[in-house]
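K.L.:
One structure is given below, represented as structure tokens, and several questions about it will come after.
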Amino acid sequence: MADLQIRAMTRDEFDLYRRRTIREYAADHVRAGNWSQEEAERRAAKETDDLLPDGVDTAGMVFLAAEADGELVGLVWLGQAPRQQVGWWIYDIEVVSAQRRRGYGRALLEAAEREAQSRGGDAIGLNVFGGNDAARRLYESSGYQVTSIQMRKSFAS
């Protein structure tokens, strides 16, 4: 792994991230069959903005960026989770597709855990879509345990 630096996300990085994550979050929900294509982006924007009324400066939220050799390779968004069973929650973790399988995801996950612990957290949770096998393997190998499973059966129309 190249020399990895994990730091706070800048405001400009956050603005780009917000726009991209809304599109991707909407697409994930459409693929999962949760939302229609027509409503997905509006719902994703609302959920994101409800969680982040002050953007990158929202109290209780932390945004970390990972750089290797001066290039942004990934990020993690975590925060206090008042409605969850755990004190901290990883809302998003991602590694640039060309940079995957180099240990950056694990490094970001560990950075999120350290951040939560340093802020008094005694546990951290996350959600992973069922078809994301690579992420599930990372989380399971890092000691995360399944706490809930949602299932659905679609009928052909």
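Please treat every number below as a calculation from the coordinates, not as lab data. Note that this is a predicted model, so its numbers are computed, not measured. With ideal geometry, Cβ positions are generated from the backbone for all residues, glycine too; neighbour counts draw on all protein chains shown.
K.L.:
Mind running the shape call on the chain? Use the C-alpha gyration tensor, a ≥ b ≥ c as the square roots of the eigenvalues: rounded below 1.5 for a/c, prolate if a/b tops b/c, oblate otherwise.
P.N.:
Details: a/c = 1.38, a/b = 1.30, b/c = 1.07.
Because its axes are fairly even, with a/c under 1.5, the chain counts as rounded.
K.L.:
Here's something else I'd like to know. Grab the DSSP H runs of the chain that are 4 residues or longer, score each as -39,500 (n - 2.57), total them, divide by all residues and round the 222 nm result to the nearest 500 deg cm²/dmol.
P.N.:
Theoretical 222 nm ellipticity from helices: -12500 deg cm²/dmol.
K.L.:
I need the shape label for the stretch 12-100. Rule: rounded when a/c is under 1.5, else prolate if a/b > b/c, else oblate, with a, b, c from the alpha carbon gyration tensor. Could the numbers behind the result be given before it?
P.N.:
Numbers: a/c = 1.67, a/b = 1.18, b/c = 1.42.
Taking the square roots of the gyration eigenvalues as a ≥ b ≥ c, the stretch 12-100 is oblate.
K.L.:
Given a cut-off of under 8 Å on Cα pairs at least six residues apart, what relative contact order in percent is computed for the chain? Write out the running numbers ahead of the final one.
P.N.:
Values: 179 pairs, mean separation 28.7, N = 157.
Over the chain, the number comes to 18 percent.
K.L.:
Dipole of the chain, Cα-centred, from +1 at each Lys and Arg C-beta and -1 at each Asp and Glu C-beta, to the nearest 20 debye?
P.N.:
Roughly 580 debye for the chain.
K.L.:
What does the charge count near residue 10 come to, summing +1 for each Lys or Arg and -1 for each Asp or Glu among other residues with Cβ under 14 Å from its Cβ? Let's see the in-between values first.
P.N.:
Numbers: positive: 7, 11, 18; negative: 12, 13, 15, 57, 67.
Neighbourhood net charge equals -2.
K.L.:
Excluding residue 79 itself, calculate the net charge of residues whose Cβ lies under 11 Å from the Cβ of residue 79, where each Lys or Arg counts +1 and each Asp or Glu counts -1.
P.N.:
Details: positive: 119; negative: 92, 115.
Spelling it out: positives minus negatives among the neighbours equals -1.
K.L.:
Any idea what angle helix 37-51 forms with the longest principal axis of the chain, computed on alpha-carbon atoms, 0 to 90 degrees, nearest 10?
P.N.:
Tilt relative to the chain: about 40 degrees.
K.L.:
Pull out a ≥ b ≥ c, the square roots of the eigenvalues of the alpha-carbon gyration tensor of the stretch 88-157, then state rounded if a/c is under 1.5, prolate if not and a/b is larger than b/c, and oblate in the remaining case.
P.N.:
It is oblate, given that a/c is not under 1.5 and a/b is not larger than b/c.
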